[in-house]
Amino acid sequence: MTLLGACSHPGVDATWYHAEMGRRLASTVSMVGVLLLGVTAGAMLAEAAILVPYWRSLAPADFFDWYAANASLLVDFYSPLEIASAVVALVCAVLYSAQSRPGARLWWVATILSILVIATFFVYFKDANAGFSTRAIPEDSLPAALVAWSRWQWGRVGVGFAAFAASVLAIRTGTSTDRT
């Protein structure tokens, strides 16, 4: 392709070439989206299935010490992963919509669900985590607080896996019609 946007491949229609490159970009980005959404859902599952039971096994003082020492690591890991998942899902939704590709609606579903995962941080986890970090929760209330935290996390896992499933269905829908 030249700087003026014309196709530099002899015998290839420029309009077709640009459309094909757009489809390839959407396909590549959508694979990245599926991978990110899957990794994000899996990471949230690991937190719910491994970290929370570990936290619940600790004495309150030990939990508060662990959480204060590791809270920033959790935020530094999960925040970029969840944000990247939502951004890439949005990019996929826009690309699929712009190309009128099958699966566009499913990418919008994945985007909305990914944003909901992030929203749970502001609705619940931000204050709950701050309570853990600052020991604002009385030690005798910690078991109930961890049960509540676990329920919210399992809800978040469900939303994250739904976003992942929507992305898988989106690329399957788009791929099955691309072959015809």
Rg and Dmax of segment 39-88 over Cα atoms: what are they, in angstrom?
-> 12.6, 40
If you rank E82, E47 by fewest surrounding Cβ atoms within 10 Å, what's the result?
-> E47, E82
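With 10 angstrom as the radius, rank M31, M44 by how many other C-beta atoms surround their C-beta, starting from the fewest.
M31, M44
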Which shape class applies to segment 23-178: rounded if a/c is under 1.5, otherwise prolate when a/b exceeds b/c and oblate if not, where a ≥ b ≥ c are the square roots of the Cα gyration tensor eigenvalues?
-> prolate
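No lab work stands behind these numbers, since they all come straight from the coordinates. Predicted model, so just to flag it, every value in this text is computed and none were measured. Methodologically, a virtual Cβ is constructed for each residue, glycine included, from the backbone with ideal geometry; neighbour enumeration extends over all protein chains shown.
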